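Contents: one structure, followed by commentary.
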Amino acid sequence: MLKMIAFDFDGTLAPTIPMVIDVFRRSVAPYVEHELTKQAIVQTFGLNEVGMVKAVAGQRWPVALAAFYQEYARAHLRVSAPYPGIVTLLELLQQGVALALITGKAAKSCQISLDVTGLTSYFPTRLYGSECQPNKADNLRQLMRTKSLDAAELLYVGDTRSDFEAADTAGVQCLTAAWDPNQPIVEAGDQIVFTSVEQLWVYLQRRLGHGLVRPMSHKPR
């Protein structure tokens, strides 16, 4: 029986990926001796923002990281809403299953994002990224240990191939969030892809055994 659902944040709960890339480029570039391209930034994905900054800024990383956080908090105010339907989905889910957040972010940027988007209260359990290496598979295993869950009792919802691969490594099923029209759908393995939050809700109701499928509200939040 399904007991817990863990969510990724960027690109899954809110459309923050373009903002993160833009903020990183503008705030960290002055402290980097070479051109900081989008490709160079994307290559650091999998690390939290501390690791990302260290990877490109060298010894100047402390001041570059401070600049990143300052600009991140400012820019995030322009990306203040989750994807349509996410709030309704979380409110419906928390009536019957525990929720967790497993993100590549460090705690500081994660808290900023949760506060700005109004999602803080939905995720009492949060596991963060590492500055040293991608760690979502390890965090999924840790979540199962600390919550005494079997792999079949946990689902992970993410939006990238790395999310699917991390879940697969941990033995956990990953559901792919593909509802951002500006992000390409990444296919990997036998993943189940959802192009709308409403589709995911229908699927999860069946997994939770709630019987008849109950539609989301006409104007999901």
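The values are calculated or read from the model by the stated rules, or taken from the named source; none is laboratory data. Note that the structure is predicted; figures quoted are calculated from it, not measured. Because the Cβ atoms are built from the backbone with ideal geometry, glycine has one as well, and the counts that use them run over all protein chains shown. Quick note on the areas: whole protein, heavy atoms, side chains included, nothing else; ligands and nucleic acids left out. Shrake-Rupley method; radii C 1.70, N 1.55, O 1.52, S 1.80 Å.
Among the residues of the stretch 75-83, is there at least one that is without any contact (Cβ under 8 Å) to a residue 24 or more places away in the chain and either of a type in the set (Phe, Trp, Tyr) or over 17 Å from Val116 (Cα atoms) (or both)?
Restricting attention to the stretch 75-83, the residues satisfying the condition of being without any contact (Cβ under 8 Å) to a residue 24 or more places away in the chain are none.
No: the stretch 75-83 contains no residue that is without any contact (Cβ under 8 Å) to a residue 24 or more places away in the chain and either of a type in the set (Phe, Trp, Tyr) or over 17 Å from Val116 (Cα atoms) (or both).
If I go through the stretch 128-155 residue by residue, how many of them are under 22 Å from Gly96 (Cβ atoms), not small (Gly, Ala, Ser) and not in a loop (DSSP other than H, G, I, E, B)?
So the first thing to find is which residues in the stretch 128-155 are under 22 Å from Gly96 (Cβ atoms), and the list is 140, 143-144, 146-155.
Pick out the ones that are also not small (Gly, Ala, Ser) and you get 140, 143-144, 146-147, 149-150, 153-155.
Within this subset, residues satisfying the condition of being not in a loop (DSSP other than H, G, I, E, B) are 140, 143-144, 146, 153-155.
Residues in the stretch 128-155 being under 22 Å from Gly96 (Cβ atoms), not small (Gly, Ala, Ser) and not in a loop (DSSP other than H, G, I, E, B): 7 in total.
Limited to the stretch 156-180, what total is found for residues that are crowded, with 17+ Cβ neighbours inside 10 Å and not in a strand (DSSP E or B)? I'd like the intermediate steps shown before the answer.
Of the residues in the stretch 156-180, the ones crowded, with 17+ Cβ neighbours inside 10 Å are 156-160, 162-168, 170, 172-180.
Those left that are additionally not in a strand (DSSP E or B): 159-160, 162-168, 170, 172, 178-180.
Counting residues in the stretch 156-180 that are crowded, with 17+ Cβ neighbours inside 10 Å and not in a strand (DSSP E or B) gives 14.
Considering only the stretch 114-136, state which residues are of a type in the set (Gly, Ala, Ser) and open to solvent by less than 20 Å² (accessible area, probe 1.4 Å).
Of the stretch 114-136, the ones of a type in the set (Gly, Ala, Ser) are 118, 121, 129-130.
Result: Gly129, single match.
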